[in-house]
């Protein structure tokens, strides 16, 4: 069975409903509703998204309008979109076995609640579909796909000399954390989620750290998230214990912002979104009005632009013939890491490593978000697959393991 990567809790309706009404009504993207094809659709509350309490139609309209749930900052696109021509060989049906049963492409799309999918082979579109009213203009939520984008921004900041390498100290870029459990933690430790800072990611526990972090985000009080992280105790020496922590990703965002002296959305636009040729402006959730981006979630972008990001990363961050990533970064960030003491991790620098045999053989890796969001990259076969999902519960219960389907797609594209 495939991995269960993230389970999101439920919260009191009064808290989330009030926040959605208060800040959703003032989101900067509201001005775009006249041109955005879904801008006038009804949406649910943040609580319903995280609780898995949305009926299918409302889930779809909410997931393509998440910039109405929290304040956002625009990730500006450039003026010359990267061309994605249609491949001569188009993917038709794909047949495969999963858990001793026969499936095909139509089963995967239907059973895993896929609302859009893009398959790029050798830089050309081999398959593209939009379902449930989505179009090429639809911006869809990233969920934890954003973690991999934040990790990439950290790599670019290292290349730019703004972060002094993986061994640089967190407190050099986030001075508010001096004297906290993050004092003595390196950038590498954060990227591996191995800071040693005590963290309880039990979403259903109202007293957990994860719940406290979400309450901080909902409060929309400037700096409330980093203030919360600064109060956490240490559970282990840095680099010796891996604990999946959404808070760790928020710290990474603070590191990048502290290093580059500008918002993450602006840095992403300046370094990738505009020069690589993204076609459409995207948005990114903030912790407070005009505040700091949510490092682990909240990016909303189009299907093809997520695909372009996959191409950018697969091709080692090359723009205009020159890589903007440190030498060897893609391999370093997407291969299993090792903790101090020798324990192996099935995780890179906020990228998921492969877990199916064909994907492992090809050195494939993924950016993954709950409810069906994927950017799957097979560098050996030059394939990028993007999915939008509208699964009813954010609990990693896809009927079909996406990686098994992705393996089948890659195999089909290899056929003469």
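Tabulated data
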read-out	value
Residue 91, sole failed condition from (1) surrounded by fewer than 16 Cβ atoms within 10 Å (Cβ to Cβ); (2) more than 23 Å from the chain's Cα centre (by Cα); (3) part of a loop (DSSP other than H, G, I, E, B); (4) modelled with pLDDT of 95 or more	(1)
Those residues of region 269-279 which are over 11 Å from residue 308 (Cα atoms) and either free of Cβ contacts under 8 Å to residues at least 12 places away in the same chain or assigned to a loop (DSSP other than H, G, I, E, B) (or both), in sequence order	270
Residues being touching a helix residue (DSSP H, G or I) at 6+ places or on another chain (Cβ under 8 Å) and surrounded by fewer than 21 Cβ atoms within 10 Å (Cβ to Cβ) - total across region 233-257	1
Yes/no for residue 127 being buried (at least 18 other Cβ atoms within 10 Å of the Cβ), over 26 Å from residue 312 (Cβ atoms) and in contact with a strand residue (DSSP E or B) (Cβ under 7 Å, 6 or more places away or on another chain)	no
Unique match (being modelled with pLDDT under 95, on the phi > 0 side of the Ramachandran plot, under 18 Å from the mean Cα position of the chain (by Cα) and crowded, with 21+ Cβ neighbours inside 10 Å) among 391, 371	371
Residue ID - farthest from the chain's Cα centre (by Cα), chosen from residues in region 34-59 that are exposed (fewer than 15 other Cβ atoms within 10 Å of the Cβ) and at pLDDT below 90	34
Failed item in (1) in contact with a helix residue (DSSP H, G or I) (Cβ under 6 Å, 6 or more places away or on another chain); (2) assigned to a loop (DSSP other than H, G, I, E, B), with residue 367 passing the rest	(2)
Among the residues listed as 72, 62, the single one being crowded, with 21+ Cβ neighbours inside 10 Å, more than 15 Å from residue 390 (Cα to Cα) and either at pLDDT 95 or above or within 21 Å of the chain's Cα centre (by Cα) (or both)	72
Hits in region 44-65 - residues which are assigned to a helix (DSSP H, G or I) and within 30 Å of residue 124 (Cβ to Cβ)	60, 63
For residue 284: the one exception among (1) surrounded by fewer than 24 Cβ atoms within 10 Å (Cβ to Cβ); (2) assigned to a strand (DSSP E or B)	(1)
Test for residue 232: is it assigned to a loop (DSSP other than H, G, I, E, B), over 22 Å from the mean Cα position of the chain (by Cα) and more than 19 Å from residue 259 (Cα to Cα)	yes
Failed item, numbered, when residue 180 is tested on (1) within 19 Å of residue 376 (Cβ to Cβ); (2) outside any helix (DSSP H, G or I)	(1)
Close pairs from region 341-359: first over 18 Å from residue 244 (Cα atoms), partner in a loop (DSSP other than H, G, I, E, B), Cβ under 6 Å, at least 6 apart	341/240
Identity of the residue in region 294-308, under 23 Å from residue 71 (Cβ atoms) and modelled with pLDDT of 95 or more, that ends up nearest to the chain's Cα centre (by Cα)	299
Every residue from region 338-352 that is out of contact with any helix residue (DSSP H, G or I) (no Cβ under 9 Å at 6 or more places or on another chain), crowded, with 16+ Cβ neighbours inside 10 Å and in a strand (DSSP E or B)	347
Selection count where residues are under 16 Å from residue 403 (Cβ atoms) and in contact with a strand residue (DSSP E or B) (Cβ under 9 Å, 6 or more places away or on another chain), scope region 338-357	7
Of residues in region 301-316 being touching a strand residue (DSSP E or B) at 6+ places or on another chain (Cβ under 7 Å) and not in a helix (DSSP H, G or I), the one surrounded by the most Cβ atoms within 10 Å (Cβ to Cβ)	301
Those residues of region 394-404 which are modelled with pLDDT of 90 or more and part of a loop (DSSP other than H, G, I, E, B), in sequence order	398, 399, 400, 401
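Condition check ((1) touching a strand residue (DSSP E or B) at 6+ places or on another chain (Cβ under 9 Å); (2) in a loop (DSSP other than H, G, I, E, B); (3) surrounded by fewer than 21 Cβ atoms within 10 Å (Cβ to Cβ); (4) free of Cβ contacts under 8 Å to residues at least 60 places away in the same chain) across all residues:
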{"position": "267", "(1), (2), (3), (4)": "no, no, no, no"}
{"position": "288", "(1), (2), (3), (4)": "no, yes, yes, no"}
{"position": "296", "(1), (2), (3), (4)": "no, yes, no, no"}
{"position": "331", "(1), (2), (3), (4)": "no, no, yes, yes"}
{"position": "336", "(1), (2), (3), (4)": "yes, yes, yes, yes"}
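The values are calculated or read from the model by the stated rules, or taken from the named source; none is laboratory data. Not measured: the values here are computed from a predicted model. Using ideal geometry, Cβ is built from the backbone for each residue, glycine included, and neighbour counts are taken over all protein chains shown.
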